[in-house]
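This report concerns only the one structure given below.
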Amino acid sequence: MSDVARQIQQLPPEEVFAALGSRREGLTAAEVEERRLEVGRNSVEIADPWKWLRQLARQFTNFLALLLLFSAVICFVADHLQPGENMNVLGWALAGVALLNAGFSFLQEYRAEQAMAALKKFLPQQVLVTRAGTPQRIPSEELVPGDLLTLAEGDRIPADARIVQGTDLTANNAPLTGEAKPRALRAAASECRLVESENVVLAGCSVLRGSGEAVVIATGLRTEFGKLAHLSQAIRRTPSPLERETTHMVRVLTIIAVTMGVSFFLYGVFSGRSLWINLVFMMGIIVANVPEGLLPTFTLSLAMGSMRMAKKNVLVKGLSAVEALGAVHVICTDKTGTLTRNELRLTRLTGPTGQLLDDPARERALLEWALYASQLRPGVRGLSGDPLDVAIAARLGEAGGDQAVCSAAVQRHFSFDVEQRRAAGIALGEAGPVFVVKGAWEVVQPLLSALQPVADGPPLPIDAALLAEVEETVHRLAAGGLRVIAVAGRGLSAEEIQGEQDALEHDLVLIGFLGIEDPVRPEVPAAVATCGRAGIAVIMITGDHPDTALAVARNSGIVPAGSEAAAVLTGSQLEALTEAELASRLEAGIRVFARTTPEQKMKIVAALKTLDKVVAMTGDG
């Protein structure tokens, strides 16, 4: 299945079923059972029945815990050899310290693992599939490659799947790719990589709008989401600075204690003392040099630190990670939802030549025309639909307009088209029926014949000078990190109301531009500045577009305000670099990575570790 899945996006819809060994009627019960035995259940958890027992046993493997347990054994032996000295009490105390510490550390890791299990919430519990020609709702864990999924607005996607039929489908891929902009989907073949294809839906993401059907191409840990979950579960943890220093200290103490004990034992033997007395004395010296209070002191202080961090919504998987934060000199951070709010907002409304719309009436007019080309539906939690349309409606409400009135005025809606990159609508305006187009400037510009100046007056025919001025406006907005949406339209005659979209898209008048962004959290620039003063470098690693990533990095203070596109390294460029070359680019000052996959993020971390070792050996930094 994996070889097929890598190329499935390149096939036309009619060939997808044959490539996956499925059909329009779905799989039969026998085929489902055979495939489940082959690939397993659709789950992102690694089956490990001994996991918790191994984690508990690991708490006793650090050098200090072993020394405490060994000392306890010595005490019990000494008490057996020479009863009445209460050495057994000391032995139980030492063993108790080791056991309590292990239990506390295990409990902390268990709580963190339970929090990590929240990844499962990204996958739905029930899904609608077609099997043997019959639609049926099944647990998502029972999905197998080749199953025919039915997708609808609001659904969470349970597995990676290839779209074979869709109507106005739009997905939110932010949980997996970090891209805040919704992805419009279609069934046609694509030459892009699997994760970038418009005909593939990915597990863990959700359907924002529309409906369709898709054939499952990967389940469980074979999905892109499953690979990410596997990385979080299978990654090997390196010892923290505290663990390394503690291990070194305990080894030194052990050597000193054993050397002193053996020395006194030999002295006693040569002095003619009883063998048992010398043995007990040696054991007493060794036990006396064991720092039995060190382990609970470390554990208690680290536990208090983890609780303080928990109050700030920081998940600490292991207690040693609390101390490791003190040795941090590089922070790798995501963009969407971490540095930004993960929500689209209209932050700039301008006229065709860049004038800000300070007049509330003109602002409302631009937003109303934009809503004529939008499609919104009332839901339980407010309006539902494309996040851009929801943001327009929210801004209209802030400007004193009424979204419900605008939506009621819409007579026809032409859904967003992936290839045309625009949506349109026909509405009954105050002066009669109007046709409105909303989309990327590059696709709206050829449809224009005039622009509407900010001041009231007739539209101005577009000439070369005006077009250059408008182009400069678009460039200025985009350079500020905004996604630019052009709004244009014209009045219609009664005969044109029933016309097709292509026939209506001519002689449009440019009304203005909407500047949209996923705003940076207000506390981020100050936090980045604090890291800089502390000597900590901040690196942003995101799956979003390079231009968007660079704009957010500028606004956050991660890179200087005047940084150019060369300051960003994309996933495709990263793929071609060796670890040494990547370390060299990091040393040269690269601080922004865009269009990256989870595996590439691990490559960046590995390069940083290599760079850290080089710096440590040369004594720099």
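The values are calculated or read from the model by the stated rules, or taken from the named source; none is laboratory data. What you see is a predicted model, and the numbers here were worked out from it, not measured in a lab. Cβ placement follows ideal geometry from the backbone for every residue including glycine, while neighbour counts extend to all protein chains displayed. SASA here: full protein model, heavy atoms, side chains in, ligands and nucleic acids out. Shrake-Rupley method; radii C 1.70, N 1.55, O 1.52, S 1.80 Å.
Which length gain, in nm to one decimal place, applies between residue 610 and residue 572 when the Cα-Cα distance is subtracted from 0.36 nm times their residue separation?
Numbers: separation 38, 0.36 × 38 = 13.68 nm, distance 2.13 nm.
Going from the current span to full extension adds 11.6 nm.
The stretch 397-429: which trypsin sites (Lys or Arg not before Pro) are DSSP loop and have at most 15 other beta-carbon atoms within 10 angstrom?
Values: sites: 412, 421, 422; in loops: 421.
Filter output for the stretch 397-429: 421.
Could you give the length gained by full extension between residue 55 and residue 80, i.e. 0.36 nm per residue of separation minus their alpha carbon distance, to one decimal place? Before the final figure, lay out the partial values.
Numbers: separation 25, 0.36 × 25 = 9.00 nm, distance 3.30 nm.
Difference between extended and current length: 5.7 nm.
Relative contact order for the stretch 477-541: 36 percent, from Cα pairs under 8 Å spaced at least 6 residues apart, divided by residue count. Helix 524-533 and the long axis of the chain differ in direction by around 40°, with both axes built from C-alpha atoms. Extension gain for the segment residue 402 to residue 521, taken as residue separation times 0.36 nm less the Cα-Cα distance, is 40.0 nm to one decimal. FRET efficiency for residue 262 and residue 599, Cβ-Cβ distance as r, R0 = 60 Å, nearest 0.05? Efficiency computed from Cβ-Cβ geometry: 0.70. The long axis of helix 87-116 is offset from the longest Cα principal axis of the chain by roughly 10 degrees.
Put a dot 7 Å past each Cα toward the Cβ at residue 33 and residue 478; how far apart are the dots in nm? For residue 478 paired with residue 33, the spin-label model returns 5.7 nm.
The C-alpha atoms of the chain define a longest principal axis, and helix 63-81 lies at about 30 degrees to it. The region of the chain that goes longest without hitting one of the chymotrypsin sites (Phe, Trp or Tyr not before Pro) in a DSSP loop, each with at most 16 other Cβ atoms within 10 Å, is 61-621. Here the simple spin-label model places points 7 Å from the Cα toward Cβ, and for residue 14 and residue 304 these points are separated by 7.3 nm. Label separation (residue 464 vs residue 500): 3.6 nm, computed from points 7 Å beyond Cα along the C-beta direction. Atom-type composition of the exposed protein surface of the stretch 126-186 places 45 percent of the accessible area on carbon and sulfur (1.4 angstrom probe).
For the stretch 373-486, the relative contact order comes to 17 percent (Cα pairs under 8 Å, sequence separation of at least 6).
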